[in-house]
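Asker: Take this structure, written in structure tokens, and hold onto it; I'll ask about it next.
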Amino acid sequence: MSGIAKLKKDELRIVAEEIGLVVNEGMKKSELRRLIEDSDVFKNDNEAMKSAVEDVLENRNKKSDQDDEIEIERLKIERTKFELQLAQVKASGNNTSFDQGCKSEPEESLDSLIKSVRTLTIKLPSPKIGVSFLLR
């Protein structure tokens, strides 16, 4: 079964345990793969092997999706923190600025910070469109 060649060491360990093999803690990936390939289940019961490998791959995909969702939430929180800091800077700038004729240095740096944040949060065009229209 070629499906086990793509599995990671910890995934091979899980497959081996699911098909009833005894796994030692210090086994290498090649030893685990050889142990599975030499087993009776691997040689005789393709359905059990297929099921065990599919379970492991499904768990990998679920974990990957969960990691992606966690990363998105982390980025949202980080963005909210920056927006809060920006609001606090704006509020403190509004309270201390008495000269309405010209901008003070903190206000200018705040404006440049706002422009930088806006530039960094611009959504990029999809790869289907291409970037040739930007170069005209």
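Asker: In the stretch 38-46, is there at least one residue being modelled with pLDDT of 85 or more, in a helix (DSSP H, G or I) and open to solvent by less than 90 Å² (accessible area, probe 1.4 Å)?
Answerer: yes
Asker: Which of the residues belonging to the stretch 1-52 are over 24 Å from Lys63 (Cβ atoms), of a type in the set (Val, Ile, Thr) and in contact with a helix residue (DSSP H, G or I) (Cβ under 6 Å, 6 or more places away or on another chain)?
Answerer: Correct list: Val41 only.
Asker: Going by the structure shown, is Ala52 exposed (fewer than 10 other Cβ atoms within 10 Å of the Cβ), in a helix (DSSP H, G or I) and modelled with pLDDT under 90?
Answerer: No.
Asker: Could you give every pair whose Cβ atoms fall below 7 Å, whose first residue belongs to the stretch 109-122 and is touching a residue at least 60 places away in the same chain (Cβ under 8 Å), and whose second residue is loosely packed, with under 13 Cβ neighbours inside 10 Å, counting only separations of at least 6 or pairs across chains?
Answerer: Pairs that qualify, where the first residue is touching a residue at least 60 places away in the same chain (Cβ under 8 Å) and the partner is loosely packed, with under 13 Cβ neighbours inside 10 Å: there are none.
Asker: So if I check each of Glu83, Glu11, which one is open to solvent by less than 80 Å² (accessible area, probe 1.4 Å), within 24 Å of the chain's Cα centre (by Cα) and not aromatic (Phe, Trp, Tyr)? Full working, then the answer.
Answerer: Details: Glu83 fails: open to solvent by less than 80 Å² (accessible area, probe 1.4 Å).
Going through Glu83, Glu11 in turn, just one is open to solvent by less than 80 Å² (accessible area, probe 1.4 Å), within 24 Å of the chain's Cα centre (by Cα) and not aromatic (Phe, Trp, Tyr): Glu11.
Asker: Something else: I need the full set of residues from the stretch 21-37 which are assigned to a helix (DSSP H, G or I) and either open to solvent by 70 Å² or more (accessible area, probe 1.4 Å) or not hydroxyl-bearing (Ser, Thr, Tyr) (or both), in order please. Outline the logic, then answer.
Answerer: Start the filter on the stretch 21-37 by keeping residues that are assigned to a helix (DSSP H, G or I), which leaves 29-37.
Residues satisfying the conditions are Lys29, Glu31, Leu32, Arg33, Arg34, Leu35, Ile36, Glu37.
Asker: I need a count of the residues in the stretch 39-98 that are farther than 30 Å from Val22 by Cβ and of a type outside the set (Phe, Trp, Tyr). Even if it seems obvious, please write down each step before you answer.
Answerer: Of the stretch 39-98, the ones farther than 30 Å from Val22 by Cβ are 65-98.
If we keep only those that are of a type outside the set (Phe, Trp, Tyr) as well, we get 65-81, 83-97.
The total comes to 32.
Asker: Write out, first by first residue and then by second, each pair whose Cβ atoms fall under 7 Å of each other, whose residues are 6+ apart or on separate chains, and whose first residue, in the stretch 3-32, is touching a residue at least 60 places away in the same chain (Cβ under 8 Å) while the second is exposed (fewer than 14 other Cβ atoms within 10 Å of the Cβ).
Answerer: Here the result reads none, with nothing in the stretch 3-32 linked to a residue that is exposed (fewer than 14 other Cβ atoms within 10 Å of the Cβ).
The values are calculated or read from the model by the stated rules, or taken from the named source; none is laboratory data. Fair warning: this is a prediction, and the values are worked out from it, not measured in the lab. Cβ sites come from the backbone with ideal geometry, for glycine too, and all protein chains shown count toward neighbours. Surface areas here come from the heavy atoms of the whole protein model, side chains and all, with no ligands, DNA or RNA. Shrake-Rupley method; radii C 1.70, N 1.55, O 1.52, S 1.80 Å.
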